[in-house]
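Below: one structure, written as structure tokens.
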Amino acid sequence: MPPEAFRSQIETTLFGPVNVTRAALPQLRAQRSGLVMTISSTAGIAAAGDFLTAYAASKFGVEGFMEGLAPEVAPFGIRTMLVEPGFFRTELLTPQSTQYAEPSIADYADRTKQTVQAWKSMDGKQGGDPAKLAAALVQLAALEEPPLRFAAGADAVELFETKAQTLLAQADAHRALSSSLAYDNA
């Protein structure tokens, strides 16, 4: 992926929500209420899969932005919610919507072709129903305390659980070494 394409992904997928949120915040602060709901992706929780680096990086950025924003705007009655959809039957994988980088590095060429073929074969077969997701988001938006994160779809719930277990295992793997890094009290 050329640097310009990587930057374009970040500009669209991270700075798009940042700019929209920044534009809305003055009104939300003035009315002392509101909900900033941002559609992220399970790729912002776990970068699972080949050749999703730029997309995952942008979605991890969205995660950090919204998580950092939440306590800053809470005193003004503004809530935030990240929506983490799994695979929904949208136009995401249609030829008109998705651009695949041309294989340009021989070491990755075969895996790239396999990955693109797998993504193309999923088009129109995603398990999630967008109409049901929309209804769920309306229901969550009406809550007095919507969740900071919403795992949208059974595949998203499974990914959340796997990531949580992985993080716990990683924290535990070197617990003694991690815990030994403080200054010694003299």
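Hey, can you tell me all the residues within the stretch 7-36 that are within 13 Å of I78 (Cα to Cα) and of a type in the set (V, I, T)? Of everything in the stretch 7-36, those that are within 13 Å of I78 (Cα to Cα) and of a type in the set (V, I, T) turn out to be T21, V36.
Conditions tested, residue by residue: (1) assigned to a loop (DSSP other than H, G, I, E, B); (2) closer than 21 Å to G127 by Cβ; (3) open to solvent by 60 Å² or more (accessible area, probe 1.4 Å); (4) not basic (K, R).
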site: L35; (1), (2), (3), (4): no, no, no, yes
site: G49; (1), (2), (3), (4): yes, yes, no, yes
site: A54; (1), (2), (3), (4): no, no, no, yes
site: F60; (1), (2), (3), (4): no, no, yes, yes
site: E63; (1), (2), (3), (4): no, no, no, yes
site: M81; (1), (2), (3), (4): no, no, no, yes
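Evaluate the following for T115: is it surrounded by 12 or more Cβ atoms within 10 Å (Cβ to Cβ), touching a residue at least 40 places away in the same chain (Cβ under 8 Å) and more than 22 Å from M1 (Cα to Cα)? Considered against the rule, which asks whether it is surrounded by 12 or more Cβ atoms within 10 Å (Cβ to Cβ), touching a residue at least 40 places away in the same chain (Cβ under 8 Å) and more than 22 Å from M1 (Cα to Cα), T115 comes out as no.
Restricting the search to helices (runs of 4 or more DSSP H) fully inside the stretch 107-186 and requiring at least 2 residues that are of a type in the set (A, V, I, L, M, F, W, C) and at positive phi gives an empty result.
Any residue at all in the stretch 16-33 that is under 21 Å from T162 (Cβ atoms), open to solvent by 50 Å² or more (accessible area, probe 1.4 Å) and among the hydrophobic types (A, V, I, L, M, F, W, C)? Among the residues of the stretch 16-33, not one is under 21 Å from T162 (Cβ atoms), open to solvent by 50 Å² or more (accessible area, probe 1.4 Å) and among the hydrophobic types (A, V, I, L, M, F, W, C), which makes the answer no.
When only residues in the stretch 129-186 that are open to solvent by less than 80 Å² (accessible area, probe 1.4 Å) and of a type in the set (K, R) count, which is farthest from T90 (Cα to Cα)? Among residues in the stretch 129-186 that are open to solvent by less than 80 Å² (accessible area, probe 1.4 Å) and of a type in the set (K, R), the one farthest from T90 (Cα to Cα) is K163.
The values are calculated or read from the model by the stated rules, or taken from the named source; none is laboratory data. Only a predicted model underlies this, so the values are computations on that prediction, with no experimental measurement involved. Using ideal geometry, Cβ is built from the backbone for each residue, glycine included, and neighbour counts are taken over all protein chains shown. Calculation scope for accessible area: heavy atoms of the full protein, side chains included, ligands and nucleic acids excluded. Shrake-Rupley method; radii C 1.70, N 1.55, O 1.52, S 1.80 Å.
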